[in-house]
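Notes follow once the structure below has been shown.
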Amino acid sequence: SQQGEEDPQALSIQEGENATMNCSYKTSINNLQWYRQNSGRGLVHLILIRSNEREKHSGRLRVTLDTSKKSSSLLITASRAADTASYFCATTVPSGGFKTIFGAGTRLFVKA
Amino acid sequence: NAGVTQTPKFRVLKTGQSMTLLCAQDMNHEYMYWYRQDPGMGLRLIHYSVGEGTTAKGEVPDGYNVSRLKKQNFLLGLESAAPSQTSVYFCASSSRATREYFGPGTRLTVT
């Protein structure tokens, strides 16, 4: 089974509303990252939060990390139609170096 | 900087044929990765490399081989393609335990 699992699998909101996506993982991590993928395109890195950090902000993005619950959340405030994409959390785990494990993603649809 | 490039962008193979996907990065990154993404799913790690001359298995390594003869290149080989390997393949690179930079992907169809 995958290390990271996002919830919900799909989310549909109106432009201007906030979108919250959650990610749970199973093992100890070095860091957790969030990526965005527009349909048919490669992944774009949004934000990285280290295991000793609890919250990070980047523009309209806010990420929290709770290592005791092995969970993270991504909040997009004041969403725009251009935010429509799939969002993936990825955990970097120590394993003969480091490797990154992706979740299945949350599909966000922002209606104009 | 070109970042991470992948060749080819598209390929159609017949069952049993072989091919090699090439990934190149110009950021002097130590780590390189190969993922596959199936429709509606996240990325699954096939193989990865933590440095020139080293490779390691990821989640779904069966049916694939890799080589990292040069630091900037990471090759993914399919010796005998199967329809189950129809997917989009992404290469990525990173410095040690930091964000990954992704290539644009290779769309492979095996008939």
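Take the conditions within 27 Å of B:S49 (Cα to Cα) and either modelled with pLDDT under 95 or touching a strand residue (DSSP E or B) at 6+ places or on another chain (Cβ under 8 Å) (or both) and apply them to A:F102. Does it pass?
Details: within 27 Å of B:S49 (Cα to Cα): yes; either modelled with pLDDT under 95 or touching a strand residue (DSSP E or B) at 6+ places or on another chain (Cβ under 8 Å) (or both): yes.
Yes; evaluated as a whole, the condition is true for this residue.
Any residue in the range B:60-75 that is in contact with a strand residue (DSSP E or B) (Cβ under 7 Å, 6 or more places away or on another chain) and within 26 Å of A:A85 (Cα to Cα)?
yes
If you go through the range B:1-53, how many residues are surrounded by 12 or more Cβ atoms within 10 Å (Cβ to Cβ), free of Cβ contacts under 8 Å to residues at least 40 places away in the same chain and under 18 Å from A:R41 (Cα atoms)?
4
Could you list, in sequence order, all residues of the range B:54-64 that are touching a His at 6+ places or on another chain (Cβ under 8 Å), touching a residue at least 12 places away in the same chain (Cβ under 8 Å) and more than 11 Å from B:Y33 (Cβ to Cβ)?
B:P61, B:Y64
I'd like to know if the range A:25-38 contains one or more residues that are at pLDDT 95 or above, over 10 Å from A:C89 (Cβ atoms) and in a loop (DSSP other than H, G, I, E, B).
no
Looking at A:F88, A:F109, can you tell me which residue is hydrophobic (A, V, I, L, M, F, W, C), more than 13 Å from the chain's Cα centre (by Cα) and assigned to a strand (DSSP E or B)?
A:F109
Sort out which residues of the range B:54-85 are within 13 Å of chain A (Cβ to nearest Cβ) and more than 30 Å from A:L108 (Cβ to Cβ), and write them in order of number.
Across the range B:54-85, the qualifying residues are B:T54, B:T55, B:A56, B:K57, B:P61, B:R68.
I want to confirm something. Restricting to the range A:41-56 and keeping residues that are within 8 Å of another protein chain (Cβ to nearest Cβ) and not in a strand (DSSP E or B), which single residue is surrounded by the most Cβ atoms within 10 Å (Cβ to Cβ)?
Per the stated criteria, the residue is A:G42.
Here are the criteria: (1) touching an Asp or Glu at 6+ places or on another chain (Cβ under 9 Å); (2) surrounded by 20 or more Cβ atoms within 10 Å (Cβ to Cβ); (3) assigned to a loop (DSSP other than H, G, I, E, B). Tell me which single one A:A78 does not satisfy.
It fails just one condition, (2).
Test B:T106 against the criterion of being of a type in the set (S, T, N, Q) and within 14 Å of another protein chain (Cβ to nearest Cβ), and give yes or no.
yes
Looking at B:L43, B:L108, which one is within 23 Å of A:T91 (Cβ to Cβ) and of a type outside the set (D, E, K, R)?
Numbers: B:L108 fails: within 23 Å of A:T91 (Cβ to Cβ).
Of B:L43, B:L108, the one residue that is within 23 Å of A:T91 (Cβ to Cβ) and of a type outside the set (D, E, K, R) is B:L43.
What residue, among those in the range B:54-93 that are among the charged types (D, E, K, R) and more than 23 Å from A:Q37 (Cβ to Cβ), is surrounded by the fewest Cβ atoms within 10 Å (Cβ to Cβ)?
Filtering the range B:54-93 for residues that are among the charged types (D, E, K, R) and more than 23 Å from A:Q37 (Cβ to Cβ), the one surrounded by the fewest Cβ atoms within 10 Å (Cβ to Cβ) comes out as B:D62.
Can you report the number of residues in the range B:26-38 which are more than 12 Å from the chain's Cα centre (by Cα) and away from chain A (no Cβ under 11 Å)?
Qualifying residue count for the region: 4.
Select from the range A:10-40 the residues that are under 12 Å from the mean Cα position of the chain (by Cα) and more than 22 Å from A:K99 (Cα to Cα) and write down the one among them that is surrounded by the most Cβ atoms within 10 Å (Cβ to Cβ).
This residue is A:M21.
The values are calculated or read from the model by the stated rules, or taken from the named source; none is laboratory data. Small disclaimer: the values here were computed from a predicted structure and weren't measured. Virtual Cβ from ideal backbone geometry, glycine too; neighbours counted across all protein chains shown.
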